[in-house]
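Below you'll find the structure, written out as structure tokens, and then a few comments.
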Amino acid sequence: MNILELANLKKYFATQKAVDDISFKIGEGGIFGLLGPNGAGKTTLLRMITGIFYPDSGEITLRGRKFDPLNDSIHIGYMPEERGLYKKMKIGEQALYLARLKGLSKQDAMASIKKWFEKLEMETWWNKKVEDLSKGMSQKLQFVTTVLHEPKLIILDEPFSGLDPVNANLIKDEIFGLAKNGSTVIFSTHRMEQVEEICDHIVLVNKGKKILDGTVQQVKQDFKENIYRLGAKVLPEQLMTHIFEVVKHHPDHLLLRLKDDTQPNELLKYFISQGVNIQSFNEVLPSLNDIFIKLVEGTAATRQFQQVQ
Amino acid sequence: MNKIGLIVGREYFTRVKKKSFLVTTILVPLVIIGFYAAIIAISIKGSDEKQKIAVIDEGNLFTNFNDSSQNNFSFRLIKNETEQSFTKKYKDQGFDGFLYVPAFEIDKPVGFVLHSKSSASLATTSAVEKIINKAVRDKRLQAQGLDPKAYEKIAADVDLVNTVDSKDGSKKSVAAVAYIVSFACGILIYMMMIVYGTQVMRGVTEEKTNRIAEVMVSSVKPFQLMVGKIIGIGAVGLTQFAIWIILMFMLQMAIPLIFPGIMEQVSQAGVASQQAGNSMAVTAIQGISSLPLAKIAFSFIFYFLGGYLTYASMFAAIGSVVSEDQQEAQQLVFPVLMPIILGFVIMTKAINDPNSNLAVFGSLFPLTSPIVMMGRITYDIPGWQLALSMLLLIGCFLFFTWLAAKIYRTGILMYGKKPSWKEMLKWAFARS
């Protein structure tokens, strides 16, 4: 079953078509990446999924039923890109308050806070105030307050910004753990290396429209360019053939693009017949970064304002 | 509803638990009490230093000064000096000042001059004027062939008592007390509306700039967030009132215990001026008891809540559209403060003339009625006016809350440029 389905979602602002007819489905469990350049409409999209904005048109279906922002907020945990906490409030009280606003009873909230504070080594923080925390620490706290009520759908907007590698890994492990326990994580970012590492399924939006949708593996297959890496010392005169073209020639390896009707075996046969000593051979799939740049490049780097009727 | 309760609780307790809340709540009445104590102490003690004033009487106005040395002034007649010659000497002879009386006609008493080291106080000039007036009057009486002593006997000095006949019997009314109570109620509502309205605005702006608003709005409706904040802060205001009232009573009871001396001094009312003070306290108590206290208390709470709620929602809307820049807030707040200040101005008029057209209008118009109506409350207000005024206020509060909630909902998630009034109105009347 899909935990979340978006159908023809639209949200226009006075000068922007922020989200312009986007549809996709997210299966239960797993980690979903929502990618896009700055100003692509990611945050607006997430705000509609969290019930902060109402879509102009289109439908959101959560767990098989029409999304009801008021009653479904217990199932959703949202960590916005701009972190927000009450600076003057004690950390323990703040966590309790936010959890209870989600609908948890006081006992449940306390138990959950205790569990998470222990897990992330935050027990001593209870009576501190948010203004006493460093940026990374408050980030950790923000993450904890997002998942305290064990939501089925967790939405994280740039969760790692401002975290050092140790704490980033800590949070990353928690995200994997949550996904393993059946929660679905929507993860919005423009840091592609994190996406490749974490996400199962991605959607790429640009200028308010969806331009890519699929699993990470599938997307890479779709965008591969038949490029292979051959680890071998090759002389230039050994490259005189029509079955491939050379993309790059390094002293100890080659990047080659195969012609469409050629199989990798033919290429290996050719080099073996040339008497080349092959040390390694593998296909080079494009990185998400390359795909991202390829798709987004050429469109204006920043969105222009336009009049929306 | 449960969520609003949680928000109200947080807004209330974070403020009440703050040290500054305790400090202001307890210090303000202490300062007021201390102020009164100081006034009482000064008035009991009086001024020890007698002002010595010399008199150069070229007009032969004064015959002797044996009986005209008043409380704090002693006058002495100086002979064989002129105004010029004595100006240089009076300081060395230990006088605080001297009065120069020129030769004058009894029908046209002009040309009196009071010389002093520094500018003379109001008390001094009035005391000097008093003895001159009395001397001139005596001279005129004698010129008419009348005995000044006989005149003193026949001169009348009447006190008028006003009795208000209401259903529960006749009571002595004291206009001054009614006036003071009205004014105090009006000014208190005026201050509370501004102080707590501004707190709402600051709280909203803080949530917006801290970006907590986005987290909150993913759990609760913006309307709940706004209403919770307004109610929570309003409850802080009521708590402050309650603490003040309790403190006042406690201190009033405690003063005689702590300073038994003060009360004794007051009750040893041998001196004439203290007698007057004492009887003033009696009339004040009588005056207060003649007022419809239950009605005043009820109206006060009603109009405080009505006025606060109406304005707080507007302050919340303003808080939601500004970002860090306090300057922006100032500009937007001004149009909201205008009717409050207008209400205050009308109130000062309404106290003097509680049934004038302006006063009636001001106490019905919901943006000024909380302040103006309190200014009229000690007077007899027709029942329909009170009822209409309250209904209009409730209607106004509902309308403004509805309007403000729509601005607030959009504003709290907007960053960057401050929206214009036109844009805000667009948000307010936009559908959904």
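The values are calculated or read from the model by the stated rules, or taken from the named source; none is laboratory data. Every value quoted in this text rests on a predicted model; they were computed, and no experiment measured them. Cβ sites come from the backbone with ideal geometry, for glycine too, and all protein chains shown count toward neighbours. Keep in mind that these areas ignore ligands, DNA and RNA; they rest on the heavy atoms of the full protein, side chains included. Shrake-Rupley method; radii C 1.70, N 1.55, O 1.52, S 1.80 Å.
Here B:Y379 fulfils each of the conditions (1) open to solvent by 50 Å² or more (accessible area, probe 1.4 Å); (2) free of Cβ contacts under 8 Å to residues at least 24 places away in the same chain apart from (2).
Determine if the stretch A:184-207 includes at least one residue that is open to solvent by 30 Å² or more (accessible area, probe 1.4 Å), within 14 Å of chain B (Cβ to nearest Cβ) and modelled with pLDDT of 85 or more.
Kept after step one, since they are open to solvent by 30 Å² or more (accessible area, probe 1.4 Å), are these residues of the stretch A:184-207: A:190-191, A:193, A:196-197, A:200-201, A:207.
Add one more test, that the residue is within 14 Å of chain B (Cβ to nearest Cβ), and what stays is none.
Within the stretch A:184-207, not a single residue is open to solvent by 30 Å² or more (accessible area, probe 1.4 Å), within 14 Å of chain B (Cβ to nearest Cβ) and modelled with pLDDT of 85 or more.
Against the criterion of being open to solvent by 30 Å² or more (accessible area, probe 1.4 Å) and under 25 Å from the mean Cα position of the chain (by Cα), A:G64 qualifies. When B:V101, B:V110 are checked against the criterion of being open to solvent by less than 30 Å² (accessible area, probe 1.4 Å) and modelled with pLDDT of 80 or more, B:V101 stands alone in meeting it. Among the residues making up the stretch A:39-68, a single one is more than 12 Å from chain B (Cβ to nearest Cβ), farther than 17 Å from A:Y12 by Cβ and β-branched (V, I, T): A:T61. Any chance the stretch B:403-418 includes a residue that's in contact (Cβ under 8 Å) with a residue 40 or more places away in the chain and touching a Cys at 6+ places or on another chain (Cβ under 7 Å)? There is no residue in the stretch B:403-418 that is in contact (Cβ under 8 Å) with a residue 40 or more places away in the chain and touching a Cys at 6+ places or on another chain (Cβ under 7 Å).
Checking A:E121 against (1) in a loop (DSSP other than H, G, I, E, B); (2) away from chain B (no Cβ under 14 Å); (3) open to solvent by less than 60 Å² (accessible area, probe 1.4 Å), which test does it fail? It is condition (3) that A:E121 fails. For the stretch A:76-114, a residue qualifies if it is of a type in the set (F, W, Y) and either assigned to a loop (DSSP other than H, G, I, E, B) or more than 7 Å from chain B (Cβ to nearest Cβ) (or both), and exactly one does: A:Y86. If you go through the stretch B:179-204 and pick out every residue that is open to solvent by 10 Å² or more (accessible area, probe 1.4 Å) and either of a type outside the set (A, V, I, L, M, F, W, C) or farther than 30 Å from A:Y86 by Cβ (or both), you end up with 12. Scanning the stretch B:316-363 for residues that are of a type in the set (G, A, S), in contact (Cβ under 8 Å) with a residue 60 or more places away in the chain and closer than 23 Å to B:G234 by Cα returns B:A316, B:A317, B:G319, B:S320, B:A329, B:G343.
Specify the residue that is farthest from A:L70 (Cα to Cα); the eligible residues are those in the stretch A:11-38 that are of a type outside the set (F, W, Y) and within 14 Å of chain B (Cβ to nearest Cβ). First the steps, then the outcome.
Residues of the stretch A:11-38 of a type outside the set (F, W, Y): A:11, A:14-23, A:25-31, A:33-38.
In the following step, the residues that additionally are within 14 Å of chain B (Cβ to nearest Cβ) were identified as A:11, A:14-16, A:18.
Working: A:K11: 20, A:A14: 26, A:T15: 29, A:Q16: 27, A:A18: 23 Å.
Among those residues, the one meeting the criterion is A:T15.
For the stretch B:371-411, the set of residues classified as among the β-branched types (V, I, T) and modelled with pLDDT of 85 or more consists of B:I371, B:V372, B:I394, B:T401, B:I407, listed by residue number. Just to be sure I understand, how many residues within the stretch B:1-33 are of a type in the set (V, I, T), touching a residue at least 40 places away in the same chain (Cβ under 8 Å) and farther than 15 Å from B:I243 by Cβ? Qualifying residue count for the region: 3.
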